[in-house]
1. Note the full-extension length gain between SER139 and ASN118 as 0.36 nm times their separation in residues minus their Cα-Cα distance, in nm to one decimal.
2. Rounded to whole Hz and in sequence order, give me ³J(HN,Hα) for the stretch 281-290 from the Karplus expression 6.51 cos²θ - 1.76 cosθ + 1.60, θ = phi - 60°, writing x for Gly and Pro.
3. Sorted from largest to smallest, which semi-axis lengths in Å does the alpha carbon gyration tensor of the chain give for its equivalent ellipsoid, taking the root of 5 times each eigenvalue?
4. Which GluC sites (Glu not before Pro) in the stretch 117-217 sit in a loop by DSSP (not H, G, I, E or B) and have at most 12 other Cβ atoms within 10 Å of their own Cβ?
5. Taking 0.36 nm per intervening residue step and subtracting the Cα-Cα distance, what contour gain separates SER177 from THR222 on full extension?
6. What pairs from LYS236/LYS280; LYS137/LYS201; LYS280/LYS313; LYS72/LYS223 go past 19 Å between their alpha carbons?
7. First compute the accessible area of the chain with a 1.4 Å probe, then give the percent of it belonging to carbon and sulfur atoms.
8. Taking 1 over the mean of 1/r across every pair of different Cα atoms in the stretch 1-92, what Kirkwood radius in Å do you get?
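The values are calculated or read from the model by the stated rules, or taken from the named source; none is laboratory data. Model, not experiment: these values are computed from the prediction. When we count neighbours, we look across all protein chains shown, and the Cβ atoms used for this are built from the backbone with ideal geometry, even at glycine. Heads up: the accessible areas ignore ligands, DNA and RNA and are worked out on the full protein's heavy atoms, side chains in. Shrake-Rupley method; radii C 1.70, N 1.55, O 1.52, S 1.80 Å.
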Amino acid sequence: MQNSQSTKTPLVSFIVTYHNEEIDMLKECLESILTLSTPNEEREVIVIDDGSDKSPLDALLSYGDNVIYLRKNNEGISTARNLGLRTATGTFVQFIDGDDTLISSTYEHCLDIAIHGNADVVAFDFTRRKETDLNFKDSEPQSGCNLMRQSNIQGASWLYLFRRSILGNLTFTPGISYGEDEEFTPQLLLRAEKVVCTSAKAYFYRQHENSAITDKSQKGITKRLDDNLIVIKSLKQKADTLPVAERSALMRRVAQLAMDHIYNVITLSRSDSRLKECLKELQRCGLFPLPRRNYTLKYNLFRRMTNSPVGRKALLHTLPYLKRER
């Protein structure tokens, strides 16, 4: 396995985080990277093993110098990604979970935008199917600030191919096991002068029964809701220190996350008392009632319903039984 960095700067550093996933899935993930048309010398593949019960190193030996393997104590995905960022030397960075894959036909398009369009960030879409539609549209370049002021964004960091130089001192917050992306991604976008969004579905995402997002234990639910709140408060504090335009952009995301947090409290706890505690805490932070902004129709409807006892009661009796959009 490769243990030293090439003297030539790679085009892209692919940071693959791994923890106890099936070896075949990890190998499928790596194959999806290594079969891209990017030459080997322009590709840096870094596997961060976050303290798996059994090291996958033996299964990775066949990749030789094409893969850098680093093993660390199990501290969560945030510290794993931070190690990947410290190790990366590529011009661009792409995060990938070890059980997911890139879809070469559409990801090649994202690479073209980054290289030939001189973009700081390329934002793309994901799919839960191996097949993908090759009919897609690209936006005109705009700043990340402008993008966030005008539209909602996807929180997952693996939906962004980004220029490493815009990071500055930005890292993931250790200890957050749910929502770490939601804190990282908007701050990343605010650093970007040129963002291109494409509807291309370039990432194949697997969701497992034992993932953090599907943990329905009381402990898991509490951790998820607590992490949500930590992220919301952190971003609100950061927004308060920003210039007007950047603050407006970040506060739109904070309002969206506050709405999602209320939604999660309702659907995961189904508790009127828990909802009241949630709203009191958001109110202490200046985030409830939800800001009166014309963001989206869904946001406006939810804002109005949460503002009245009757509306909140209706949400408690309906939302837990509805299937949420992806």
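1. Roughly 6.2 nm would be gained on extension.
2. For the stretch 281-290, the Karplus-derived couplings read 5, 5, 5, 4, 8, x, 10, 9, x, 4 Hz, x marking Gly and Pro.
3. Listed largest to smallest, the semi-axes of the chain are 35, 23, 18 Å.
4. Here the sparse-neighbourhood loop sites are GLU131, GLU209.
5. Gain on stretching SER177 to THR222: 15.0 nm.
6. Pairs exceeding the cut-off: LYS72/LYS223.
7. Ligands and nucleic acids excluded, carbon and sulfur give 49 percent.
8. Answer for the stretch 1-92: a Kirkwood hydrodynamic radius of 13.2 Å.
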